[in-house]
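The values are calculated or read from the model by the stated rules, or taken from the named source; none is laboratory data. Keep in mind that what you see is a predicted model, and the values were worked out from it rather than measured. Heads up, the Cβs are rebuilt from the backbone with ideal geometry, glycines too, and the neighbour counts pull from every protein chain shown. We work out accessible area using only protein heavy atoms, side chains counted, and drop any ligands, DNA or RNA first. Shrake-Rupley method; radii C 1.70, N 1.55, O 1.52, S 1.80 Å.
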Amino acid sequence: MGAHAALYTPLRLSNGLRLANRLAVAPMTRVSATADGRATPQMVDYYEAYAAGGFGLVITEGVYTDQAHAQGYLFQPGLADDAQRDAWRPVVDRVHAHGARIVAQLMHAGALSQGNPHRATTKGPSAVLPRGQQMTFYRGAGPYRLPEAMTDQDIAVAVEGFAQAARRAQQAGFDGVEIHGANGYLLDQFLTDYTNRRADRYGGSLDNRLRLTVEVIQAVRQATEPGFTVGVRSSQGKVNDFTHKWPGAEADAAQIFRTLGAQPIDYLHTTEFEAWRPAFGAQGPSLAALARRHVPVPVLANGSLHDPMAAAGMMARDEADFVSLGRGALTHADWPARLRAGQPLERFDRELLAPIADLANAARHREGRGG
């Protein structure tokens, strides 16, 4: 345990929320809610297992925020109405029963929506066809649809959706929310130069392209009570453009992180494929390390950190304050307990997510393997 001991030390976020350790479950889309976006008993068991397994913080999959254009996937859970709010309460209660904290990730898919029963069209910052193909393991097929450019009214609806979803999350007992500003979804679409061709106050300069994220953060903070955790997720790569880099490299990173760090947030969550790799080129700091230089709040690093030495190394080098696991958590819901007990950690099996990345498929796969 000597090399990994730092992973088990407590951490307080900027608002004072205490985490029992430095290990978080990363948000992972599981498309396992009811058709109308309510959490299910299977989801209750799924999230409880992470808390029982020793994770100090559980971040939910991306939860859609309104019944207009936010939903990205069929069978995605929401916080867009009170019935969805109430369905999350058993999840929260079971996670809390094990002493863990839980945060709801708030997500608007924007132009990358591939399954939304509420609307037949998609919306984004500009009428630009998204790169890549829809994700089959989330029930998509073929190219993305051409989105409609959002009007000022559409933007106002999106901002209010984030705010009201955060309010419902607090009512459901969540310890906080994480605003999804990463991975190619709506807020990241506004930030990205090639998907944002607007000529108004939301387009052009980097400050303008960050404006929507700032407005969402402020609206969420205003809609929730003091002490409620507000985090933000940030990335360069996208689910449909995996290798994207910010064109201004470290200068862009500094401006983005300083802007986010100046907002009323309690942590910043960075994600890359391999969190410890240089953010730009063959040498230099990682994205998490750059964030840590420029924000005054704890930095949560994500990306292939299921290797305990990689996870501990991020903290030992002062590149992150805590780490989140995706594939490692999917493989072992009790990853923290197993590592602490010296038990073996298996390799991630992609069959857990194929052909559909839902909980039913994962259960069938595990049963087929005898456990």
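Assorted remarks:
- Option label - mean projected area of the Cα convex hull in nm² computed here, alternatives [x] 16.5; [y] 18.0; [z] 21.6: [x]
- Of all DSSP bridge pairs formed entirely within the chain, close to 10 percent run antiparallel.
- Potential extension, residue 343-residue 171 segment - 0.36 nm per residue separation minus Cα distance: 58.1 nm
- Given 14 as the ceiling on other Cβ atoms within 10 Å, longest exposed-site-free region of the chain for GluC sites (Glu not before Pro) in DSSP loops: 1-273
- Residue-level accessible surface for residue 242, protein heavy atoms, 1.4 Å, Å²: 140 Å²
- Estimated from helices alone, the mean residue ellipticity of the chain at 222 nm is -10000 deg cm²/dmol (sum of -39500 (n - 2.57) over DSSP H runs with n ≥ 4, per residue).
- Cleavage-rule hits (trypsin sites (Lys or Arg not before Pro)) in the stretch 302-371: DSSP loop, at most 15 neighbouring Cβ within 10 angstrom: 317, 347, 369
- Per-residue SASA entry for residue 136, accessible area with 1.4 Å probe, Å² rounded to 10: 90 Å²
- Estimated distance in nm for a label pair at residue 146 and residue 205, the labels positioned 7 Å out from Cα along Cα-to-Cβ: 3.2 nm
- Annotation: extensible slack from residue 194 through residue 316 equals 40.3 nm (criterion: 0.36 nm per residue apart, minus Cα-Cα distance).
- The label-point distance for residue 242 and residue 121, in a model that sets each label 7 Å from Cα toward Cβ, rounds to 3.3 nm.
- Couplings 3J(HN,Hα) for the stretch 314-331, derived from phi with the Karplus relation 6.51 cos²θ - 1.76 cosθ + 1.60 (θ = phi - 60°), are 4, 6, 4, 8, 6, 8, 7, 9, 7, 10, 10, 10, x, 4, x, 5, 5, 6 Hz, where x marks Gly and Pro.
- Of all accessible heavy-atom area on the chain, the percent that carbon and sulfur account for (1.4 Å): 51 percent
- Distant-in-sequence amide contacts of residue 269, defined by a placed amide H-H separation under 5 Å and a gap of 5 or more residues or a different chain, comprise 232, 233, 234, 300.
- Relative contact order of the chain, taken over Cα pairs closer than 8 Å and 6 or more residues apart, is 17 percent.
- Placing 246, 276 in order of accessible area, with the largest value first and a 1.4 Å probe, yields 276, 246.
- Distance between the modelled labels on residue 136 and residue 262, one decimal in nanometres: 4.6 nm (7 Å Cα→Cβ projection).
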